Amino acid sequence: MKIKRKHTQYEAPALYLGFDIGGSALKFGWGSSQLGLQSYHRINLKGNRITHLKTAANEAIRFIKTQIDLSRVVSIGIGTPGTINRTTHILEGINPNLPEWTNLDPVCLIPPALDIPAFTDNDANLMALAEASALSGKTHVIGITIGSGIGCGFISEGRIFHGAHGYAMELGHTTVKKGGALCNCGRKGCLEAYASVNGLRNIILTYNTALVIENMVDILALSKIDKYVKFLVNRSIDLLSSTIANLVIVLDADAVILGGGVIELSEYPGDRLITGIESAVPQQNRKNVWVRKAALGNKAGTWGALLLAEQSFSALGNGTCI
Ligand SMILES: [Zn+2]
């Protein structure tokens, strides 16, 4: 990334923009760690092609220009599904909900003419960053998102843990059954193939091709009348519980925050998942780890992106980008 912009002294408080890219909507807002999330908005995507994302981003920027003075904006953060290579800044792997969103730098969404430095990260990492910022006294926080896929991020003393290349915390693609169900990533037996909405739907449709399943609400309704679907849902909770508990043990985390669209459903047995995680960790972990549902809801991604913008710009040092 080449950044020419210099951080100047602003008369009005500095602002940061956060963009949260999803499969169905672009969410955005502005604020700062001092001011909080001052404004939050959502634009529904008209499709899942790159052109739809760029159209939504341009619409968002036009709107932002009508609301704030862009000279106050120091930097931009962008959260996106997928794995971002920390060296090349390029999205790698497969994005089922945004099939063209691979081998690109997400910064391409921001018109260069804005001349504002932009930083990107995985959306689950940013959810974890946002939720961790809302906790006091917790220094090692795992964030999990359960939706069409399984996302995971880890915040260690306020910073996102990326691993050597940016591939860290892909909990959804850890193997829970050797040679098991086919995953979106092309491998077999991943947690995501058993515990995500897409994974559960694929397994159920293999068993009964006549069923019509749009989302998790449909799956949970089916589980009340179909014993096999009930077994599959219960198995998904058990697999999530043991896998997340293993992560708590490995990382010695002091908080696990569960988020994503599925967790927000009142019909989903989230309390059973929490109990399952707590009962699967050793005594010494159990007394020291919080397992909670996410507090920030669908604003977490935007708030996390905004915090990323602020942290990343600050990390460049002396307010000057290189
Ligand atoms: Zn996988």
| request: Post the alpha-carbon centroid distance, the stretch 58-87 to the stretch 118-162, in whole angstrom. | output: 19 Å
| note | The set of residues whose placed amide H lies less than 5 Å from the amide H of THR83, leaving out same-chain residues fewer than 5 positions away, is GLU92
| said: How would the stretch 193-236 be classified by its alpha-carbon gyration tensor: rounded, prolate or oblate, with rounded meaning a/c under 1.5 and the a/b versus b/c comparison settling the rest? | reply: rounded
| note | Highest GNM mean-square fluctuation among ILE155, ILE110, ILE21, for the chain with Cα springs under 10 Å, belongs to ILE110
| List the aspartates and glutamates whose alpha-carbon lies under 18 Å from that of LYS188, not counting same-chain residues fewer than 8 positions away? | GLU170
| said: Using only DSSP helix segments of four residues or longer, with each worth -39500 (n - 2.57), what per-residue ellipticity at 222 nm results for the chain after dividing by its residue count and rounding to 500? | reply: -10500 deg cm²/dmol
| the chain: most fluctuating residue of PHE161, PHE63, PHE119 per GNM, C-alpha cutoff 10 Å | PHE63
| message | Can you tell me the orientation of helix 300-315 relative to the chain, as the angle in degrees between its alpha-carbon axis and the longest Cα principal axis, to the nearest 10? | response | 50 degrees
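Keeping all protein chains in place, calculate the accessible area per residue for the stretch 74-138 (probe 1.4 angstrom), answer in Å².
36 Å²
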| Computed FRET efficiency, Cβ-Cβ of LEU182 and LEU70, R0 45 Å: what is it to the nearest 0.05? | 0.45
| remark: As straight-line cross-link partners of LYS54, the qualifying lysines (C-alpha separation under 27 Å, not fewer than 8 residues apart within one chain) are LYS2, LYS4, LYS6, LYS27, LYS46, LYS65, LYS299
| remark: THR175 and ALA12 label points (each 7 Å along its Cα→Cβ direction) are spaced in nm at 5.6 nm
| field | Stokes-Einstein diffusion coefficient of the stretch 64-178, Kirkwood radius over Cα pairs, 4 °C, 1.567 mPa s, in µm²/s | value | 83 µm²/s
| query | Residue separation times 0.36 nm, minus the C-alpha to C-alpha distance between SER33 and THR51: what's the value? | reply | 3.3 nm
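Subtract the Cα-Cα distance of LYS227 and GLU92 from 0.36 nm times their separation in residues, and report this length gain in nm to one decimal.
44.8 nm
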| said: Sorting check: for 296-307, 221-232, which peptide has the highest mean count of neighbouring beta carbons within 10 Å, and how do the rest follow? | reply: 296-307, 221-232
| Accessible area per residue of the stretch 152-282 at 1.4 Å probe, in Å²? | 48 Å²
| query | How high is the relative contact order of the chain, given as a whole-number percent (alpha carbon pairs under 8 Å, six or more residues apart)? | reply | 22 percent
| Amide H contacts of VAL73 (H built 1.01 Å from N, under 5 Å, at least 5 apart or other chain) | LEU15
| field | Along the chain, longest interval not containing exposed GluC sites (Glu not before Pro), exposed being DSSP loop plus at most 14 other Cβ atoms within 10 Å | value | 12-99
| query | Long-range amide H contacts for SER39: which residues qualify at under 5 Å (H placed 1.01 Å from N, peptide plane, sequence gap of 5 or more or a different chain)? | reply | TRP30
| Rounded percent of accessible protein surface that carbon and sulfur make up, the chain, 1.4 Å probe | 51 percent
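Assuming a ≥ b ≥ c are the square roots of the Cα gyration tensor eigenvalues, decide whether the stretch 208-322 counts as rounded (a/c under 1.5), prolate (otherwise, with a/b larger than b/c) or oblate.
Because a/c hits 1.5 or more and a/b fails to exceed b/c, the stretch 208-322 counts as oblate.
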| request: State, to one decimal in nm, how far the label point of TYR167 lies from the label point of ASN103, with both points 7 Å from Cα in the Cβ direction. | output: 1.9 nm
| request: Note down the nm distance, to one decimal, between modelled labels 7 Å out along Cα→Cβ at ALA295 and at ASP115. | output: 4.0 nm
| remark: Measuring from the longest principal axis of the C-alpha atoms of the chain, the long axis of helix 227-251 (C-alpha) lies at a number of degrees, nearest 10, equal to 50 degrees
| request: Counting other Cβ atoms within 10 Å, keep those with at most 10, restrict to DSSP loop, and tell me which trypsin sites (Lys or Arg not before Pro) in the stretch 94-186 are left. | output: LYS178
| request: Report the calculated FRET efficiency for SER266 and ALA134 (r = Cβ-Cβ distance, R0 = 22 Å), to the nearest 0.05. | output: 0.50
| note | Mean separation of Cα contacts under 8 Å (at least 6 apart) over the residue count of the stretch 82-184, i.e. the relative contact order in percent, is 22 percent
| query | So what's the angle, to the nearest 10 degrees on a 0 to 90 scale, between helix 197-207 and the longest Cα principal axis of the chain? | reply | 30 degrees
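The values are calculated or read from the model by the stated rules, or taken from the named source; none is laboratory data. From a predicted model like this one, the values you see are computed outputs, not experimental measurements. Neighbour counts are summed over all protein chains in view; Cβ atoms, including those assigned to glycine, are modelled from backbone coordinates with ideal geometry. Accessible surface is based on the protein model in full, side chains and every heavy atom, while ligands, DNA and RNA are left aside. Shrake-Rupley method; radii C 1.70, N 1.55, O 1.52, S 1.80 Å.
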